[in-house]
Amino acid sequence: MNHIPVLQKEVVQYLDPKPDENFIDATIGGGGHALIILEKNAPQGKLLGIDLDKKAIDDLEAKPEISPFKKRLILVCDNFSNLGEIVKENNFINVKGILADLGLSSMELEERGRGFSFLRDEPLIMRYAQDKLESKNEEVKSTGKNLKLSEPENNLTAAEILNSWSEEELNKIFWDYGGERFSRQIARKIIEERKIKPIITTFQLVEIIKKATPAWYHHRRIHPATKTFQALRIAVNDELNNLNKFLSVAIDALDSGGRLAIISFHSLEDRIVKNFFKEKKQEGGITILTKKVVTPSQEEILNNPRSRSAKLRAAIKN
């Protein structure tokens, strides 16, 4: 499945890429937005693409569509919260625009086997950086050596949260990160079920959620497990803290007159971006380009239902 980038026209409008300008796509994923920018900033403009998922980077490099742009594209496998270090290491200067699309790509939902989707029975991992561990495990198996390998900073999995965190901690993340109205009932049921056997697969968790929630909750437009899965993903990947770190360094990485565009899919993410922009505006550091949050058109939502919760905010550095 191809990942369909959301708000394409709006991203181009607010980033306004021009020939020979340099840009950063801080969450490059399938490269949908990046390809559009690379077409606009030809012939000499460069793009620095960052993604925590190594397989996303490898898949993007192998795409035929990317071939014409390879000389102008720098790809880095890292967390976008490390943007400051990444820019320095790659001597990436004269940055005219930065984009961060905080959404989970279709590929991560459908193809990774990490438990992001409640529609498939998969291990409850939910870590974006899983491929790093998989490659290390394969190296150990192939060599037979007991290698001491550096691990990602966060090795937490969704299964670990579900099987070791307290009822109160589970309730808190389901409510705070997912807005799940039945957070307490789901947390309580998880505690009950894990006493019988560990919760290790997505379908196990879906069944627990269904047991903990009323029947009418199972027949709405949104799947009853949606908010719980979202909350777990945010907790596992420490997404909100990483967003705060990213925003604090993104403005510094921009040239004066450079533009920052953030696409969020969660009210907490959008609130963080909104408050950050408000604070920087009061300090005189930026001018906000989006007086109101920008959302997809009905036509886009019909063509790409996953875009329905997307929210775009943009600003320009003074």
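How many of the residues making up the stretch 254-284 are open to solvent by 50 Å² or more (accessible area, probe 1.4 Å) and touching a helix residue (DSSP H, G or I) at 6+ places or on another chain (Cβ under 6 Å)?
The number of residues fulfilling the criteria is 1.
Looking at the stretch 178-196, which of the residues that are loosely packed, with under 15 Cβ neighbours inside 10 Å and within 21 Å of Phe265 (Cβ to Cβ) is modelled with the lowest pLDDT?
Checking each candidate, the answer is Gly179.
Could you figure out which of (1) within 17 Å of Leu254 (Cβ to Cβ); (2) acidic (Asp, Glu); (3) out of contact with any strand residue (DSSP E or B) (no Cβ under 9 Å at 6 or more places or on another chain) isn't true of Glu21?
Going through (1) within 17 Å of Leu254 (Cβ to Cβ); (2) acidic (Asp, Glu); (3) out of contact with any strand residue (DSSP E or B) (no Cβ under 9 Å at 6 or more places or on another chain) one by one, Glu21 breaks only (3).
Considering only residues of the stretch 201-244 that are buried (at least 19 other Cβ atoms within 10 Å of the Cβ) and assigned to a loop (DSSP other than H, G, I, E, B), which is nearest to the chain's Cα centre (by Cα)?
Here the answer is Ala225.
Return yes when Leu75 is touching a Gly at 6+ places or on another chain (Cβ under 6 Å) and modelled with pLDDT of 95 or more and no when it is not. Walk me through how you get there before you give the answer.
Numbers: touching a Gly at 6+ places or on another chain (Cβ under 6 Å): yes; modelled with pLDDT of 95 or more: yes.
Yes.
Residue under question is Ala310, and the condition is that it be under 25 Å from Ile86 (Cα atoms) and either among the hydrophobic types (A, V, I, L, M, F, W, C) or in contact with a helix residue (DSSP H, G or I) (Cβ under 8 Å, 6 or more places away or on another chain) (or both); does it hold?
Values: under 25 Å from Ile86 (Cα atoms): no; either among the hydrophobic types (A, V, I, L, M, F, W, C) or in contact with a helix residue (DSSP H, G or I) (Cβ under 8 Å, 6 or more places away or on another chain) (or both): yes.
No: the conditions fail for Ala310.
Counting only residues that are outside any helix (DSSP H, G or I) and in contact (Cβ under 8 Å) with a residue 60 or more places away in the chain, which one in the stretch 296-318 is farthest from the chain's Cα centre (by Cα)?
If we filter the stretch 296-318 for residues that are outside any helix (DSSP H, G or I), which is where we start, we get 296-297, 304, 308-318.
Among the residues that remain, those that are also in contact (Cβ under 8 Å) with a residue 60 or more places away in the chain are: 296, 304, 310, 312, 314, 317-318.
On the way: Pro296: 18, Asn304: 18, Ala310: 12, Leu312: 14, Ala314: 18, Lys317: 24, Asn318: 27 Å.
By that ranking, first place goes to Asn318.
Does Ile199 satisfy being among the β-branched types (Val, Ile, Thr) and at pLDDT below 95?
Values: among the β-branched types (Val, Ile, Thr): yes; at pLDDT below 95: no.
No, not satisfied.
Answer yes or no: is there a residue in the stretch 287-295 that is in a strand (DSSP E or B), open to solvent by less than 40 Å² (accessible area, probe 1.4 Å) and out of contact with any Pro (no Cβ under 8 Å at 6 or more places or on another chain).
yes
How about the stretch 259-286: which of its residues are over 18 Å from the mean Cα position of the chain (by Cα) and assigned to a loop (DSSP other than H, G, I, E, B)?
So the first thing to find is which residues in the stretch 259-286 are over 18 Å from the mean Cα position of the chain (by Cα), and the list is 259, 275-286.
Scanning the stretch 259-286 gives Glu283, Gly284, Gly285.
For the stretch 136-177, name all the residues that are in a loop (DSSP other than H, G, I, E, B) and either of a type in the set (D, E, K, R) or at pLDDT 50 or above (or both). It would help to see each step written out before you state the result.
Taking the stretch 136-177 and keeping what is in a loop (DSSP other than H, G, I, E, B), we get 144-157, 165-166.
Lys145, Lys148, Glu151, Glu153, Asn154, Asn155, Leu156, Thr157, Trp165, Ser166 - these are the residues of the stretch 136-177 that are in a loop (DSSP other than H, G, I, E, B) and either of a type in the set (D, E, K, R) or at pLDDT 50 or above (or both).
Considering every residue within the stretch 46-66, establish whether at least one is at pLDDT 95 or above, on the phi > 0 side of the Ramachandran plot and of a type in the set (A, V, I, L, M).
Scanning the stretch 46-66 turns up no residue that is at pLDDT 95 or above, on the phi > 0 side of the Ramachandran plot and of a type in the set (A, V, I, L, M).
Name the helices (runs of 4 or more DSSP H) wholly inside the stretch 1-97 in which the number of residues that are under 24 Å from Asn241 (Cβ atoms) and either among the charged types (D, E, K, R) or open to solvent by 20 Å² or more (accessible area, probe 1.4 Å) (or both) is 3 or more.
Numbers: elements: 8-15, 32-40, 54-62, 83-89.
Those helices (runs of 4 or more DSSP H) span 83-89.
The values are calculated or read from the model by the stated rules, or taken from the named source; none is laboratory data. Predicted model, so just to flag it, every value in this text is computed and none were measured. Virtual Cβ from ideal backbone geometry, glycine too; neighbours counted across all protein chains shown. Calculation scope for accessible area: heavy atoms of the full protein, side chains included, ligands and nucleic acids excluded. Shrake-Rupley method; radii C 1.70, N 1.55, O 1.52, S 1.80 Å.
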